[in-house]
Amino acid sequence: MAATGCCVLTDFVRPELQETLRSEGAAVAPHAHYDVETVNVYNIAVDGELPADHPGRVEFQRGNAFVARDLIPEDLIVHRLYTHPVFRRFVADCFGLEEVHELADPLSGLCLNVVRPGMEHPWHFDTNEFTVSMLTQAPESGGVFEYCPGIRTAEAENFDDVRAVIEGRGEPLVRRLTLRPRDLQLFKGRFSLHRVSPVAGAVERHTAIFAYSEHPGVIGSASRTRQLFGRVLPVHLEAGRAVRGDLLLD
Ligand SMILES: O=C(O)CCC(=O)C(=O)O
Ligand SMILES: [Fe+2]
């Protein structure tokens, strides 16, 4: 974790639960919200007035889809993990944080990320500092997690290397992870450019995303929530009541 901002704990869930983990995810996957979004690595407005050679000018189609937390039954393995105090304590310890909290957002705290065959989750930086995830269904081929550890820092954007990677010229900077169902992935995605390469074959790639925050009460903005889930709840519209955050998946 200290060296690359990434750590995979293999066999985090017992082997005898692998098929349950998969079938539970597959059962809710049809509820994913699909909306092909035009994005760039920084998740800033793609029509912004950026210089001609800025990597933010390169546009991608984000073709992954999310199942929201309120559509994931509370008795599923991933939901029980997400809300378990011991798991939460463990996550905080792994990231060296005093404590972490479930998001107060009823849609985005726990999601299933669905990447259908032919789709990809293009190169991006995360808005949130840290991400916890678990593959629940592996694709037949493709759908590889690729990342460039520390390609930028809080002080330096390093646009040249970022542009090289997104234009396919950055091979020496790219690392690949073969994630397997039941492995727990801990990742700091704010400074490491990353993507899920296009999924091939007939099987969808499913990943549970466990989103936590350092401060309690975090709720996503109405506009971002609508983009990700195709709907908002009253709590997203109640300005001022909640701690606003943009810890949503990008
Ligand atoms: O599905 C994955 O393995 C990565 C997802 C991701 O990068 C994200 O949701 O920000
Ligand atoms: Fe990400």
Report the label-to-label distance for GLN61 and HIS31 in nanometres (one decimal), using points 7 Å from each Cα along the Cα→Cβ vector. 2.8
Which value does Rg/Rh take for region 41-100 over its C-alpha atoms, Rh per Kirkwood? 1.21
Selected from LEU107, LEU184, LEU173 as most flexible by GNM, with the chain as the system and alpha-carbon contacts under 10 Å: LEU173
In the chain, if the dipole is taken from +1 on Lys/Arg beta carbons and -1 on Asp/Glu beta carbons about the Cα centre, which of PRO117, VAL203, PRO15 is farthest to the positive end? PRO15
Would you mind getting the Kirkwood hydrodynamic radius of the chain from its Cα pairs, rounded to one decimal in Å? 18.5
Counting other Cβ atoms within 10 Å, which trypsin sites (Lys or Arg not before Pro) in region 44-119 have at most 14 and lie in a DSSP loop? none
What is the ratio of the Cα radius of gyration of region 97-163 to 2.2 N^0.38 Å, where N is its residue count, to two decimals? 1.40
Based solely on its DSSP helices, what 222 nm [θ] is calculated for the chain when runs of n ≥ 4 H residues each add -39,500 (n - 2.57) and the sum is averaged over all residues, nearest 500 deg cm²/dmol? -5000 deg cm²/dmol
Tell me, which longest segment in the chain has none of the chymotrypsin sites (Phe, Trp or Tyr not before Pro) that fall in DSSP loops with at most 15 further Cβ atoms within 10 Å? 35-250
What's the local net charge at TYR34, with K and R +1, D and E -1, over the other residues with C-beta under 15 Å away? +1
What FRET efficiency comes out for ALA45 versus LEU237 if R0 is 22 angstrom and r is the Cβ-Cβ distance? Round to the nearest 0.05. 0.50
Using 18 Å as the cut-off for backbone N distance, which residues of region 66-90 belong to the label zone defined by a point 7 Å from the Cα of LEU17 along Cα→Cβ? 72-90
Over the chain, what is the relative contact order in percent, taking alpha-carbon pairs closer than 8 angstrom and at least six residues apart? 28
In whole Å, how far is the Cα centre of region 190-205 from that of region 115-140? 5
How far is it, in nm, from the label point at ASP70 to the one at CYS7 when both lie 7 Å from their Cα along the line to the Cβ? 3.5
Near-label residues of region 152-194 by backbone N, under 13 Å of a point 7 Å along Cα→Cβ of VAL144: 171-179
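Read-outs: derived from the displayed coordinates by stated rules, not from any lab. Computed from a prediction, not measured in an experiment: that's the story for all the values here. In this analysis, Cβ positions are derived from the backbone assuming ideal geometry, glycine residues included, and neighbour counts consider all displayed protein chains.
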